Structures are given as structure tokens and as C-alpha cells.
Amino acid sequence: MSNIGIFEFQGKKYEFPVEIGTENEIAIDIKKLRGSTGGIITLDPGFKNTGSCKSKITFLNGEKGILRHRGYAIEDLAKKASFLEVAYLIIFGELPNKKQLEKFENDIKEKSLVDEEIKDILDGFPRSAHPMGVLSALTASLTAFHSHLTDVHSEEEIYSSITRLMGKFPVLAAWAHAKNEGTPLNYADNSLDYIDNLLMMMYKIPTTPYKGNPVIKKAMEELLILHQDHEQNCSTSTVRLVGSSHASLFASISAGVSALWGPLHGGANQAVIEMLEAIKEDGGDVEKFINKAKDKNDPFRLMGFGHRVYKNFDPRALIIKESADAVLAELGVDDPTLEIAKHLEETALKDPYFVEKKLFPNVDFYSGIIYRALGIPVEMFTVMFAIGRLPGWIAQWREMRLNSEPIGRPRQLYIGETKRDYVPMSKR
Ligand code: ACO
């Protein structure tokens, strides 16, 4: 196969190099398109065909349902590794040995204390504030509290920002939750591991001794590992784009949290439960809602179904589904919404509309169900996703920085008015 892509326009031929990735993915390198053609650009709304970078972090094949981080299968990582082990792998490229993992964990613990003045910012939010908005704002505020850590050219400072963010982010998430609940703010406990610590900060109240539950911990750790990275999705591309202007890690991740919030992305796990509740309130007629989703004149979509990249199955959804069944059985959860979820899943998977369009339950369909069974409030679902995704955002931001990638600045096709004369107010 020739490694040249040819483009012909108005009788002239232009040649472009073709790059082949380690998994034989093929990309036409159009970096010189505009320059060599005298201004032609590509148009690709939603970036369905556009690679924004070269990356060594995550490989996914949506047709075959493959997801690997740094070459390791997600199925292995979810079952055999700890959250911080996978985070180290994703961020630094190799599985850590015992000493490297201990150092990473200790560096994170050392930096987990959050400045007391951040509580003043938290105080300013209404109690009803959505925790994703609060988390995004508090994460951005870290830039102000650690202004010395904004040199994005120093590997040392980047490492320091990474450990600070990994340590403080779960604390800020737990504080956003406490704000909603009206409960006192918990601090991290360095005698606990990352996941136990997160759960303790989420659930502990001063009046009752906190006791961890190993079933909840295992389910939570697996869920968060499954969310760690997913290559150039909306929030990750946001983090890379913001970081490409040399904004700090904290500012870039804060933007990623905002991008994740939307219901077409990370907010889908909350939207799934809200949809199941709505179906229940409406009398539980699953077919009615399936028909609504199929109706082109109705904006309703089945939340938790479909994926931009996975068109056969979402490998994370398979792992989560298994673990959802186990968790529900072990915790003895009896929730009518879950029955609706099962019925919806079975009906949609048999329906020609969903089969033909390759719309399968995605990771968010099941994650919402597990979070609910674990007692996490609905508004916190996307926050849990953000905690899981943090190492991926960091890894992608670090890779972008170390590759010295140029500032991201897409082009556009202008379709507005051509030049016209100013019309004075009296004549409009
Ligand atoms: N319910 C009903 N129809 C759907 C759904 C759905 N959930 N998803 C896609 N379709 C239909 C569309 O109407 C469209 O039909 P058409 O070809 O007749 O116009 C076709 O399937 C393709 O849909 P697109 O929106 O073009 O697919 P795209 O790849 O752009 O979108 C997305 C993917 C955003 C995930 C979409 O499937 C969706 O909105 N799903 C529901 C929200 C959701 O679960 N998001 C979580 C994604 S996973 C994550 O972010 C972690």
C-alpha cells in the first residue's frame, strides 16, 4: 500500500503522507493541506473523522469492542489492578513496581490537605448547587492557591501538580457533596487507601462511627478503573485543548469537569436514573418510552444507549453489568427502577431500530444503577465519573505538554453575510 493520500481538486493533484499507527489505524496527515492548496480546509463537525493528536495512552476499537491502556486489556486492569496502579500506568506509561507505587501513593497523600480558605469559596455556593459546578469551580481555584505550579514546561512542577490534584480532587468532590447535604466537611485520612478514603469522606458523619463495606469498595474501585481513560472524548479533548494554550493543569482539568457534566457525555449516568424514574412515575410502560425514542419528531432519547465510538458493544458495559448483578445480589438491593432498567435493556436490544443503528447500552446505563445501589445520590454520579476520569485527563494533558503540541485552533467555513454597509439606527 502506498503511504501517500492523493486529493484532486479542479484538475490539480495534491499528495499527503499517510501515517499508520501501531494497531494499523490509518491517518492522512493533512497538516500541509491549507498551505499547499492555497486555503482549502477540511470540514468535520463533531470531529467524527478527525484525529487531533498522536497518543500512546489508550487504544480502542469500537467495532470489535476493544479497550486497552498502554497495551493492557481493560478486562485485566479492572479485575487485577488497584485504582492508583492503573492511574500510574496511564499517566507514566508503565505498570509501577512496589516501590514506585508506594512513592506515588505517599506523594498523593502528602498533598491531600486542602487550603482552609477554599471553604470560603464553598460557602458562597447555594446549598442546591450542582456538585459538578462546584467541583469545576473549586478545581479551577487551585490555580490561585498554587500559583507557583503553573510552569507547564517543568516536569518537576508537572509532577507536583499531578500529585496535588490527585490528592485534593476527591476531597473537593466530597465537600461538594457535603454542601448539598448540609453535613460537616471531612478531611482525607492518610491511613486509608485512595478508594477507602474517598468513600469515608463521602459517607462519614460525626454522629456515627464510619465503617467501610468491602463489597461497596470493590465495586467502586472497579467502576472508577473502568472510567480512567477513553482517548479523545469530549472532556479529554477539552482538557488537551485548554492545556494547549499552556494553561495550568488545574485550569485545564476544571474545563474537563465542565465538559463531562453534559448529559450527552458523563451526565448521562444521572440522566439514566432520571429517565428510569420518569418511566416509573408514568406507570412503567417501557414500550411507550422505546417508541418515543424511535419517533423522529420526539427529542427523547434512551439515555445510556448508543456511543460515538462503540458500535457493537461497550467492553466496560459488559464488565459493569456483571458487577452490577453481583453488587445488587450481595447488598440485597430491591429497587423497582432496576426492574424497569432490565426490561428496557431487554426490549431495546431486540428492537430493530436499536439493532440496525447499533445502539447498545453504554457504560453509563449500568454505572448509574450501581451508584444508586451503593447509596450515591444522583447528583453525585457524574462527580464519581470525574474522579475516575481524573488520571486519564492528567495523562492526556501531560502527554500533550511533553510532546510540545501546538495550540489548538480549528478553522471554520464562514457561511454568514458577505460585506455590507453599516445601516444607521434611524433606517433599520
Ligand atoms: N436513543 C434513540 N436514538 C438514538 C440514540 C438513543 N440513545 N442514540 C442515537 N440514536 C439515533 C439517532 O437519532 C440517529 O438516528 P438517525 O441516523 O436516524 O438520525 C442515530 O442513532 C445516530 O445517532 P447520533 O446522535 O448521530 O450518534 P452520535 O455518535 O453522534 O452520538 C451519543 C452518540 C451522543 C452517545 C448518542 O448515542 C446519545 O445521545 N446517547 C444517549 C446519551 C448517552 O447515553 N450518552 C453517554 C455516552 S457514553 C459516555 O459519554 C461515557
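The values are calculated or read from the model by the stated rules, or taken from the named source; none is laboratory data. In this text, all values refer to a predicted model and were calculated from it rather than measured experimentally. Here Cβ is always computed from backbone atoms with ideal geometry, including for glycine, and neighbour counts include all displayed protein chains. We work out accessible area using only protein heavy atoms, side chains counted, and drop any ligands, DNA or RNA first. Shrake-Rupley method; radii C 1.70, N 1.55, O 1.52, S 1.80 Å.
If I require 30 Å or longer along the helix axis, counting alpha carbons, and a Kyte-Doolittle average no lower than -0.5, what helices from the chain are left? Use full DSSP H segments.
155-181, 381-402
Highest mean first, what order results for 421-428, 158-165, 296-303 on Cβ atoms within 10 Å? Before the final figure, lay out each step's value.
Values: 421-428: 5.8, 158-165: 21.4, 296-303: 13.1.
Packing proxy ranking, top to bottom: 158-165, 296-303, 421-428.
Can you tell which of S147, I118, V215 lies farthest toward the positive end of the dipole of segment 116-226, using +1 and -1 charges on the Cβ of basic and acidic side chains (Lys, Arg; Asp, Glu)?
After comparing all options, I get V215.
Against the 2.2 N^0.38 Å scaling, with N counting residues, where does the chain land? I'd like the Cα-based Rg ratio to two decimal places. Mind showing how you got there, number by number?
On the way: Rg = 23.4 Å, N = 428, 2.2 N^0.38 = 22.0 Å.
That works out to 1.06 for the chain.
Restrict the search to segment 8-101; then list the trypsin sites (Lys or Arg not before Pro) that DSSP places in a loop and that have at most 14 other Cβ atoms within 10 Å of their Cβ. Walk me through the numbers on the way to the answer.
Values: sites: K12, K13, K31, K32, R34, K48, K54, K56, K64, R68, R70, K79, K80, K98, K99; in loops: K31, K32, K48, K54, K56, K64, R70.
Of the trypsin sites (Lys or Arg not before Pro), the ones in loops of segment 8-101 whose Cβ has at most 14 other Cβ atoms within 10 Å are K31, K32, K48, K54, K56, K64.
List the aspartates and glutamates whose Cα lies under 18 Å from the Cα of K296, skipping any in the same chain that are fewer than 8 positions away.
Within the straight-line limit of under 18 Å, K296 reaches these aspartates and glutamates: E287, D351, E356.
Tell me the GluC sites (Glu not before Pro) within segment 333-428 that lie in a loop according to DSSP and have at most 16 other beta-carbon atoms within 10 Å.
Details: sites: E339, E345, E346, E356, E379, E399, E417; in loops: E417.
Taking segment 333-428 and a limit of 16 other Cβ atoms within 10 Å, the loop GluC sites (Glu not before Pro) found are E417.
With the full set of protein chains in place, find how many percent of the accessible area of the chain is carbon and sulfur; take the probe as 1.4 Å. Before the final figure, lay out each step's value.
Details: 11740 of 22030 Å².
Using a 1.4 Å probe with all protein chains present, the chain comes out at 53 percent carbon and sulfur.
Which whole-number percent gives the relative contact order of segment 82-162, counting Cα pairs below 8 Å spaced six or more residues apart?
15 percent
Over the Cα atoms of segment 346-412, how large are the radius of gyration and the largest Cα-Cα distance (Dmax), in Å?
In order Rg, Dmax, the Cα atoms of segment 346-412 give 18.3, 49 Å.
Quick check on packing: order 118-124, 289-295, 364-370 by the mean number of other C-beta atoms within 10 Å, highest mean leading.
364-370, 289-295, 118-124
Before anything else, pin down the relative contact order of the chain: Cα pairs under 8 Å, at least 6 apart, normalised by residue count, whole percent. Walk me through the intermediate numbers first.
On the way: 556 pairs, mean separation 83.2, N = 428.
It rounds to 19 percent for the chain.
In deg cm²/dmol, rounded to 500, what helix-only [θ] at 222 nm does the chain give when every DSSP H run of at least 4 residues adds -39500 (n - 2.57) and the total is split over its residues? Let's see the in-between values first.
Values: 18 runs with 222 residues, N = 428.
Counting only the DSSP helices, I get -16000 deg cm²/dmol.
Out of C53, N97, I40, whose Cα points farthest toward the positive end of the dipole of segment 1-112 (charges: +1 Lys, Arg; -1 Asp, Glu; placed on Cβ)?
My answer, from the dipole projection, is I40.
Counting only heavy atoms of protein chains, what accessible area per residue, in Å², does the chain have with a probe of 1.4 Å? Don't skip to the end; give the middle numbers.
Working: 22030 Å² over 428 residues.
Per-residue accessible area for the chain comes out at 51 Å².
Taking only Cα atoms and a 10 Å spring cutoff, compute GNM fluctuations for the chain and point out the largest among Q232, Q396, Q100.
Q100
Given Cβ point charges of +1 (Lys, Arg) and -1 (Asp, Glu) and nothing else, what value in debye, to the nearest 20, does the dipole of the chain about its Cα centre take?
Working: 52 positive and 58 negative charges, 309 e Å.
For this selection, approximately 1480 debye.
Hey, any idea what Rg/Rh is for segment 161-257, computing Rh the Kirkwood way over Cα pairs?
That ratio equals 1.02.
Using Cα-Cα distances under 8 Å and only pairs 6 or more residues apart, what relative contact order does segment 322-428 have, in percent?
With pairs under 8 Å counted, the relative contact order is 22 percent.
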